[in-house]
Amino acid sequence: MSGKVRARFKLNGEDVTAEMEPNQTLCDYLHDVAEKTGVKKGCDTGECGACTVLMDDKPVTSCLVLAPQVDGREVVTVEGLGTKSRPSPVQWAFVELDAVQCGYCIPGMIVTLSWILEHAPQASDSEVRRLMSGNLCRCTGYLQQVEAVRRAAKRAAAGGAPEPHDIY
């Protein structure tokens, strides 16, 4: 007996059946096994937000979730938000505003800001900062990141979508 646990869940819109260790974190499973390398391993304590994913449409730090807990749930990583040729509104705004420094925290930040765009598009700058307080960045002052969600919200309100474009 291997001691592994089977979980059935949706990952970036696709049905997945996976065997995983009972004590494996979702972060480790997503990055190492599912090869969703946008999920970054940072602190292992839920403080930095580099591993943020959406689980049942809520931002969570995947280093604090055991992988088997995804059974019956839906998980979206930064890879599930957009593609190279069709980036999400927030990904597009990040490129437009050059809102990337070292890049390590950016996937988790984009996941959180995409959630904010969907659930609180009219949030004030201070509210956006509060909602993204679980995403730490040592390289920026968060100005471009807050502006990115502003720009994406403005574009969405105007009915516009980013043009297909290779952003990488």
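The values are calculated or read from the model by the stated rules, or taken from the named source; none is laboratory data. Note that this is a predicted model, so its numbers are computed, not measured. Here the Cβ is made from the backbone with ideal geometry for all residues, glycine too, and neighbour counts use every protein chain on show.
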If you go through region 58-87, how many residues are part of a loop (DSSP other than H, G, I, E, B), in contact (Cβ under 8 Å) with a residue 60 or more places away in the chain and either under 15 Å from the mean Cα position of the chain (by Cα) or surrounded by 21 or more Cβ atoms within 10 Å (Cβ to Cβ) (or both)?
2
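Conditions tested, residue by residue: (1) at pLDDT 95 or above; (2) outside the structural domain of residue 11 (by TED's automatic domain parsing).
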site	(1), (2)
59	yes, no
113	yes, yes
134	no, yes
137	no, yes
150	no, yes
Based on this model, can you work out whether residue 93 counts as under 23 Å from residue 149 (Cα atoms), touching a Gly at 6+ places or on another chain (Cβ under 9 Å) and in contact (Cβ under 8 Å) with a residue 40 or more places away in the chain?
no
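From the list 7, 34, 50, which one is under 30 Å from residue 130 (Cβ atoms) and aliphatic (A, V, I, L, M)? Give the steps one after another, and end with the answer.
Values: 7 fails: under 30 Å from residue 130 (Cβ atoms); 34 fails: under 30 Å from residue 130 (Cβ atoms).
Unique residue meeting the criteria: 50.
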Condition first: outside any loop (DSSP other than H, G, I, E, B), surrounded by fewer than 23 Cβ atoms within 10 Å (Cβ to Cβ) and touching a residue at least 60 places away in the same chain (Cβ under 8 Å). Can you find one or more residues in region 122-138 that meet it?
no
Among the residues of region 100-121, are any without any contact (Cβ under 8 Å) to a residue 12 or more places away in the chain, under 17 Å from residue 156 (Cα atoms) and over 15 Å from the mean Cα position of the chain (by Cα)?
yes
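Step by step: first the residues of region 2-39, then only those that are surrounded by fewer than 16 Cβ atoms within 10 Å (Cβ to Cβ) and on the phi > 0 side of the Ramachandran plot, then the one that is modelled with the lowest pLDDT. Which residue is that? Step through it out loud before you land on a result.
Of the residues in region 2-39, the ones surrounded by fewer than 16 Cβ atoms within 10 Å (Cβ to Cβ) are 2-4, 6, 8, 13-17, 19, 22-23, 32-33, 35, 37.
Imposing the further condition that a residue be on the phi > 0 side of the Ramachandran plot reduces the set to 3, 13, 35.
On the way: 3: 91, 13: 97, 35: 97.
Going through the qualifying residues, I end up with 3.
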Taking residue 66 and the conditions (1) closer than 25 Å to residue 55 by Cα; (2) of a type outside the set (Asp, Glu); (3) outside the structural domain of residue 34 (by TED's automatic domain parsing), which numbered condition does it fall short on, given that it satisfies the others?
(3)
Of everything in region 88-121 that's outside any helix (DSSP H, G or I) and touching an Asp or Glu at 6+ places or on another chain (Cβ under 8 Å), which residue is surrounded by the most Cβ atoms within 10 Å (Cβ to Cβ)?
99
Considering each of 51, 43 in turn, give the residue that is under 28 Å from residue 120 (Cα atoms) and either assigned by TED's automatic domain parsing to the domain that holds residue 103 or out of contact with any strand residue (DSSP E or B) (no Cβ under 7 Å at 6 or more places or on another chain) (or both).
43
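If you go through region 7-45, how many residues are assigned to a strand (DSSP E or B) and without any contact (Cβ under 8 Å) to a residue 60 or more places away in the chain? Walk me through it before giving the result.
Here is the first cut: in region 7-45, the ones assigned to a strand (DSSP E or B) are 7-11, 14-20, 25.
Checking which are without any contact (Cβ under 8 Å) to a residue 60 or more places away in the chain leaves us with 14-20, 25.
The total comes to 8.
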